[in-house]
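Since the structure comes first, as structure tokens, the remarks are kept for the end.
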Amino acid sequence: MSATTRTMDGAEAPVFYLTEDHHHEEGSGTLLGFWLYLMSDCLIFACLFAIYGVLGTSYAAGPAPKDLFDLPLVAVNTAMLLFSSITYGFAMLEMVKSNGRATLVWLGITGLFGLAFLGIELYEFHHLIHIGATPQRSAFLSSFFTLVGTHGLHVTFGIIWLVTLMVQVGRFGLIEANKRRLMCLSMFWHFLDVIWIGVFTFVYLLGVLR
Amino acid sequence: MSAPITHHEGAHHEDAHHHAGGGHSHGSLKSYLIGFLLSVVLTAIPFWLVMGDVLDSRQLTGFIIVGFAAVQIVVHIIFFLHMDTRSEQGWTMMALIFTIIVVVIALSGSLWVMYHLNANTMPFHDMQQMR
């Protein structure tokens, strides 16, 4: 403040830079940086959705979504991901209360829901490939497997990250660094659920409607 | 003379926010439960509409489920990702708006261009012109 007053008086030469370095705590930019990463990830998915939008009707005389997709299975899958979102939320609430044990329990439940989601998705993929609807069959199936597979790959890495953090919290407790990491994974996990909304709406529901 | 003054004020402004904490909200049990219940409803209705073949018009069903998806994405961003205009001094919101703009351009542009490319370069169409 005093610098400003002096400048206004004209008694001292104006200063065009910050005279004092301001203090940055360790990791203070991490959450914003991670958010920016998620936004760039969002662009990857936007491209994959655009590809699916363009190629999603090119069946090459092969099977169409209506012949392939099992909506009750997709509904169960969607429920798994939604449950895992709310249980991760509960883990975060316990983390804020610095309740390490309960955080771990909720993280574990989240991981199980994530695994259930992945299991169902792999079962679906296995079934499709088994009946001959492989990615090589048509442009529709190529873009379908790329889009849904990329999402599944994200969930896989999310689960690996989750297990890593559970080990971290188990060994070192809810230290500042671990809280920061848990918040990043929280954003990642909820972000994947947001992407899944797009997948089940545009790929499965609209596909079956067509 | 005015330039340095605004600069200093800007720095001071940023500093005040900086000490106010990380600016990241964790949400409460209530907000998580509200978000969860809204998501369940917003997911169940589109599945019911499609699986139960409720409406006669497929196009109308399509518009409705896309609408539900858009609302559910907003619900998730507010209640699960705790997005607001204040977190990180508004930079998360700026990044989100920028991303939405790019996504809309990329999606609508791709679909528009590729649709016309498909419609105008059909082999059948070419043959007629060659004749």
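Laboratory data are not the source of any read-out in this text; all were calculated from the coordinates shown. Owing to the predicted nature of the structure, the values given are computational and were not obtained by experimental measurement. Here Cβ is always computed from backbone atoms with ideal geometry, including for glycine, and neighbour counts include all displayed protein chains.
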**Study point:** Burial order of peptide ranges A:153-161, B:94-102, B:65-73 (average beta-carbon count within 10 Å, highest first)
**Key:** B:65-73, A:153-161, B:94-102
Study note, to complete from the structure: Connecting every pair of Cα atoms under 10 Å apart in chain A and solving the GNM, the largest mean-square fluctuation among A:52, A:17, A:123 falls on A:17
**Study point:** Residue-by-residue Karplus 3J(HN,Hα) for the range A:204-209, coefficients 6.51, -1.76, 1.60, Hz, glycine and proline x
**Key:** 7, 5, 5, x, 5, 5
Practice item. Just tell me which lysines come within less than 26 Å, Cα to Cα, of residue A:179; anything on the same chain fewer than 8 places away is out. Key: A:97, B:30
Revision key, fill the gap. Each residue of A:193-206 has, on average, a number of other protein chain C-beta atoms within 10 Å of its C-beta equal to 6
Point to revise | Two-site label geometry, residue A:57 and residue B:93: point separation in nm, points 7 Å out along Cα→Cβ | key: 3.9 nm
Exercise for review: Quickly estimate the mean residue ellipticity at 222 nm for chain A, helices only: each DSSP H run with n ≥ 4 gives -39500 (n - 2.57), and the total goes over all residues, rounded to 500.
Suggested key: -25500 deg cm²/dmol
Revision key, fill the gap. In chain A, whole DSSP H helices that both stretch 30 Å or further along their axis by alpha carbon positions and average at least 0.0 on the Kyte-Doolittle scale are A:30-55, A:71-96, A:100-130, A:139-172, A:176-198
Study note, to complete from the structure: Summed over the other residues with a beta carbon less than 14 angstrom from that of residue A:149, with K and R at +1 and D and E at -1, the charge totals -2
Study note, to complete from the structure: For the protein assembly as shown, the charge dipole (Cβ of Lys, Arg +1; Cβ of Asp, Glu -1; about the Cα centre) points to a positive end, and the Cα of A:194, A:106, A:136 closest to that extreme belongs to A:136
**Study point:** Space enclosed by the convex hull of the alpha-carbon atoms of the protein assembly as shown, per residue, Å³
**Key:** 187 Å³
